[in-house]
Amino acid sequence: MKSNFFKYAFVIFVIGIMIFAIYKIKAEEKNEEKGQVQTNIEQKKVTEIKLGIASLDSTNPIFSKNKNVQDISKLIYEPLFSLTPDYKLEPCLAKEWAKQNETTYIIQLKENIRWADGEKFTVDDVKFTIEKLKTVDSLYSPNVKNIVDIEIIDDYTFKIILDKEVPFFEYNLIFPIMSNQFYMDKEFSSGIVPVGTGIFKYIDVKSTHLTMVRNNNWWNDKEEPTLNKIFVNIYSSLGELYNSFKMGNLDLISTDNSNLEEYIGTIGYAKKEMKGREHDFLAMNTSNYLLSRQEVRKAISYSLDKSNMVSSIFNNKYYTSSFPLDYGNWLYQEKNASSGFNPDQAKKILEENGWLLKNGVWQKVENYKTLSLTFNLAVKSSNYLQVEVAKNIQTQLGKQGIRININQLSNDNYINAINNRNYDIILCGLNLSFSPDLSTFFGEKNIANYSNDEVTKILEEVKNTKDDNVLIERYKRLSEIYREDIPYISLYNNKYTVAYSTGLVGNVTPNWYNDFYNIHTWYK
C-alpha cells in the first residue's frame, strides 16, 4: 500500500512538470507573437507626409505673396532668428546679437552651417539677401527698410547700421536667407531646384508638385527629423486645396479663413486654433475735453460687451481681446481675455464723479454749462464689418446712456482724420507686428494723443534690455496702465487655424509665424 502511494505521487509530480513546461512554452510563444505585433506596428510608422499649396507664384519666399509658400519655405530656408510658439525670439542661423548703440547691431553667425549642396554658409549670403530685399517688392522688404549699411567684420560676424533707432529691431531679422550662389529669379521655374540651409531640401520641383527630403547637411544634428520625405501638391485654388484635405489627401493645412468648416466639415481631423494678427480696437482722443477724463473712458469700456460683438457680427469666429499683445505673446502674462463688460461699474464710476442720467444720457453741469456724454465715432466706410461693429457699439453704449454718432469716412478722409487726430473716437484695425514694440499705442504722436511719463520711461527701458525678467515685469506694468487709463479699447482678433490629420503624431505647436515648429518630431 505504501509503495502504491509513492507510485501515484511520482506520477502526479511528472504530470505537474509537463503542465508547467507546456505553460512556459505557450507563454513564450505569446510573447514572441506580441513582440512580432509590436515590430509590425513600428514598421508601419509612416515617415512621409503630404502638404498643399494653392496658386503657387514662386518657390522663392522673397518674391512669393502666398502664405502657403511662406510657411512651407521655412522647411527649406532659414532666418537669422526664428520665433517660438509664444513669439519669443530665438537664434537660428545667427548665434547671438548685441545692440552696440541706438542704430548699430552686431550679429554673429553659427559656424557649422552649410547649404544643402554642401557649400559653406557665410556672412556674404546674409548681405546678399538684405541688399536683394531692399531692391525688390517683397513681403520682407519692410524688415530691412531702415538698414543703411552692412559692415562685414569676418566670415561670421557683421554690423547692421540703421538710419534711426528701431525698438526691437532684432525681431525684423526673421526673413529667409538666400544663397548668393544659387539665387532664383522671381518666376516659378519647373525643374530648377532651390537650395537652402533648412531641415529639408527640394529634390523635385514641378508645376504639379514639389518633393522634399531630409537635408543631411542640416546643422542641427541634435534634432534629427523623424520624417524622411514631404510631398507638396500644387492646386489652382483654395477650394481645390480644401477639398483635397477633406478627402484625406493632405496631412495639414492652415488658414485665417473664418469659414473653414464650410469647406472641410467638422469631423475627421484635429485642429489648433489661435489668435491671428488682425487686431481691431478703439482709440479715444485723450485731448478731447470729455475723453481726457479717465472716468469717462472707463465708463465707455465697462459699457461694451465685446463677446456680444464677436457673437452677433462674427458668429463667434473671432476672439475677444484685452491688449495688443493678447495673441499668445510671451510678454503678455494676463491669461484672462474677458471683455470687462460691467455696466453697473460704469454707472458707479460716473455717479461718483458727479454725472447724472437724464433723458437717457449722462449729463453734468460745469461752469454753468451742461455737458453730455455724446461722441462721434469715425469708421472707414469701405470696411463693412467695421461699420457693423460701429453700429453695435452705438447700440450698446446708447443703452448705457452714452450717445454715439457714426461718421463713415472714405479711405482718404479716414487717413486724414488719423493724421490730423480729427476725431473723438476712431475704430482702427492693424496687422500686429511680431515685435513686442508698442510705440504705435504709447509712443510719440500715438493715435490716442495719450501721454504718460511712466509709460515713456518703460518704453525706454524695454528697448534697451535683453533681461527676460525685466521685460516681463515692465510689460506687466504696461498692461496694467492700459487697463487703468483706457486710452484704447482692444476689441477682438481674427482666428488662425491649423487643421491636420488625426494620424499625425508629434508635438504640433504652430503659430501664425510657423506652422511647422517641432516638425522634427512628426510622423504618421
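Of note:
- From the options Tyr423, Tyr475, residue that is surrounded by 17 or more Cβ atoms within 10 Å (Cβ to Cβ) and part of a loop (DSSP other than H, G, I, E, B): Tyr423
- Qualifying residue in the stretch 230-247 (condition: more than 29 Å from Ile267 (Cβ to Cβ), open to solvent by 20 Å² or more (accessible area, probe 1.4 Å) and at pLDDT 90 or above): no
- Of all the numbered requirements in (1) outside any strand (DSSP E or B); (2) out of contact with any Ser or Thr (no Cβ under 6 Å at 6 or more places or on another chain); (3) surrounded by 13 or more Cβ atoms within 10 Å (Cβ to Cβ), Ala346 misses one, and that requirement is (2).
- Positions within the stretch 214-250 being free of Cβ contacts under 8 Å to residues at least 24 places away in the same chain and in a strand (DSSP E or B), in sequence order: Arg214
- Against the criterion of being of a type in the set (Val, Ile, Thr) and over 21 Å from Lys222 (Cα atoms), Thr47 does not qualify.
- For the stretch 410-420, a residue qualifies if it is more than 24 Å from Ser301 (Cα to Cα) and either free of Cβ contacts under 8 Å to residues at least 12 places away in the same chain or open to solvent by less than 40 Å² (accessible area, probe 1.4 Å) (or both), and the qualifying residues are Asp412, Asn413, Ile415, Asn416, Asn419, Asn420.
- The stretch 192-210: number of residues that are of a type in the set (Lys, Arg) and under 26 Å from the mean Cα position of the chain (by Cα): 1
- Among the residues of the stretch 273-305, those that are hydrophobic (A, V, I, L, M, F, W, C) and in a loop (DSSP other than H, G, I, E, B) comprise Leu290, Leu291, Leu304.
- Looking across the stretch 349-373, the residues that are out of contact with any helix residue (DSSP H, G or I) (no Cβ under 9 Å at 6 or more places or on another chain), open to solvent by 50 Å² or more (accessible area, probe 1.4 Å) and either part of a strand (DSSP E or B) or not hydroxyl-bearing (Ser, Thr, Tyr) (or both) come down to Glu351, Lys358, Asn359, Val365, Asn367, Lys369, Thr370.
- When Ser3, Ser64 are checked against the criterion of being modelled with pLDDT under 95, among the small types (Gly, Ala, Ser) and in a loop (DSSP other than H, G, I, E, B), Ser64 stands alone in meeting it.
- Screening the candidates Lys159, Lys145 for the property of being of a type outside the set (Val, Ile, Thr), closer than 30 Å to Glu461 by Cα and free of Cβ contacts under 8 Å to residues at least 24 places away in the same chain yields one hit, Lys145.
- Strands (runs of 3 or more DSSP E) fully within the stretch 87-137 that include at least 2 residues being open to solvent by less than 20 Å² (accessible area, probe 1.4 Å), touching a residue at least 24 places away in the same chain (Cβ under 8 Å) and more than 24 Å from Asn329 (Cα to Cα): 104-109.
- Annotation: Thr211 fulfils all but one of (1) closer than 17 Å to Glu48 by Cβ; (2) assigned to a strand (DSSP E or B); (3) out of contact with any Asp or Glu (no Cβ under 7 Å at 6 or more places or on another chain); the unmet one is (3).
The values are calculated or read from the model by the stated rules, or taken from the named source; none is laboratory data. This structure is a prediction, so every number in the text was calculated from the model and none was measured. Don't worry about glycine lacking a Cβ; one is built from the backbone with ideal geometry, like all the others, and counts go over all protein chains shown. Calculation scope for accessible area: heavy atoms of the full protein, side chains included, ligands and nucleic acids excluded. Shrake-Rupley method; radii C 1.70, N 1.55, O 1.52, S 1.80 Å.
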